[in-house]
Amino acid sequence: MRERLLDLLACPTCGGDILLAYASAYDDKEIIEGVLTCKKCTREYRIIRGVPRFADLGKIEEDKAATVGNFGWQWTNFTQEDKRYDEQLLGWLQPVKPDFFRGKVVLEGGCGKGRHTKLAAAWGATDVVGIDLGNAVESAFALTRDLPNVHIVQCDIYRLPLKRVFDYAFSVGVLHHTPDPRKAFLSLAAKLKNGGHISAWVYGAENNEWIRKYVNPIRTGFTSRISQPVLYQLSKLPTLGVFLASKLIYKPLNKTSKPLAAKLFYNDYHNHLGTFGWREQHNIVFDHLVAPTAFYISKDEFETWWKEIDAQNVEILWHNQNSWCGFGKI
Ligand SMILES: [Zn+2]
């Protein structure tokens, strides 16, 4: 943890300023082990392996703990980097472009292994704070530790240990895996200063009826309950189906005959998947099967979130015919 992060932190319990009580281990750039304390209520929070820890993992409800555990395993085992990550992220953040990050203080709600946090830093953000609840913070820290403008924090999205100082907050693929997606969105928006912007990408209720009907029962009843190493192996089978279809049918047909391709089942999504290699596709399939909690959000419902934060110039875009991208200013 770099000391400059202290300017952005606030006690998740009382909102007081956070001070460094002591550091017991430093490397040449940052604090590796130490203790933070709240100036107001004197609560203490530890810095462990370079990451400040604000989550009381002993008190996390069962469903949240299961989600965090399963995703944590994923992000410590699928640590590959894909050169398409930037394009993929910009798809989820549309209409935002890389230049938008320049000079901004940015918050990422649910950073996983830190791949988007790293991109936000590369695109010129002054500071980026990536938060996550689970073990993924270890991978995110390892991936970004050489970047002076990235800070990884372990905390609960509903109790953010942050001041209201952010120019931009974004969350991709995370809110719908929390027990209350709307509340998680409001919690992120509450850390924006006036005039700040927020982006969110969520699974759509529309066009996902087949997942809700056929995949969800398998996910909630079976695949989210088995051990992740077993699911890792089992999920290679559906991945093989998706991989062959996307590479041999969707991608070639989209190149040769767009009108014909448009008739295919979930064409936009499968064609998009076809741009990724085996490992990334395996990660995506695994991701669909591992989550104990997943909500599918309708456009109407999504729009009410933006009204609730009184956002201006809101743009809600339909992405890959199965999800919603939202962007607005508060
Ligand atoms: Zn406090």
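Structure summary
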read-out	value
Portion, in percent, of the accessible area of segment 103-210 that falls on carbon or sulfur, probe 1.4 Å	52 percent
Accessible surface of segment 8-47, 1.4 Å probe, proportion on carbon and sulfur as whole %	48 percent
Under 23 Å from LYS251, Cα to Cα: lysines that are on another chain or at least 8 residues apart	LYS83, LYS236, LYS263
Relative packing of peptides 190-198, 101-109 - highest average C-beta neighbours within 10 Å first	101-109, 190-198
Bridge type composition, the chain - antiparallel percent by DSSP, nearest 5	60 percent
Partnerless cysteines, meaning none of the other Cys C-beta atoms lie under 4.7 Å away, in the chain	CYS111, CYS155, CYS325
Packing-based order for 4-16, 116-128, using average beta carbon neighbours within 10 Å, highest first	116-128, 4-16
Computed magnitude of the charge dipole of the chain (debye, nearest 20; Cβ of K, R +1, Cβ of D, E -1)	400 debye
Rotationally averaged projected area of segment 192-284 (alpha carbon convex hull; nm²)	9.1 nm²
Per residue solvent-accessible surface (Å²) - the chain, probe of 1.4 Å	44 Å²
Candidates TYR45, TYR22, TYR296: whichever shows maximal mean-square fluctuation once the chain is modelled as a Gaussian network with Cα springs under 10 Å	TYR22
Label-to-label distance, nm, for residues given as ASP300 and THR256 (7 Å Cα→Cβ offset)	4.3 nm
Accessible area of segment 262-330 belonging to carbon and sulfur atoms, whole % at 1.4 Å probe	51 percent
Environment charge of PRO217, counting only residues whose C-beta is closer than 15 Å and scoring Lys/Arg +1, Asp/Glu -1	+3
The chain - mean residue ellipticity at 222 nm from DSSP helices (-39,500 (n - 2.57) per run, n ≥ 4, rounded to 500)	-9000 deg cm²/dmol
Estimated distance in nm for a label pair at ILE211 and ASP180, the labels positioned 7 Å out from Cα along Cα-to-Cβ	2.4 nm
Solvent-accessible ranking of PHE302, PHE141, largest area first, probe 1.4 Å	PHE141, PHE302
Rounded to whole Hz, the Karplus (6.51, -1.76, 1.60) HN-Hα couplings of segment 191-208, x for glycine and proline	9, 8, 7, 4, x, x, 10, 9, 10, 9, 10, 9, 4, x, 6, 5, 6, 10
Per-pair calculated FRET efficiency, R0 = 35 Å: SER227 and LYS97 via Cβ, rounded to 0.05	0.25
Which of ALA21, TRP306, ILE31, positive extreme of dipole for the chain (C-beta unit charges)	TRP306
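The values are calculated or read from the model by the stated rules, or taken from the named source; none is laboratory data. Everything numeric in this text was worked out from a predicted model, so none of it was measured. Positions of Cβ are backbone-derived with ideal geometry, glycine not excepted, and every protein chain shown enters the neighbour counts. Areas reflect the complete protein model, heavy atoms only, side chains present, ligands, DNA and RNA absent. Shrake-Rupley method; radii C 1.70, N 1.55, O 1.52, S 1.80 Å.
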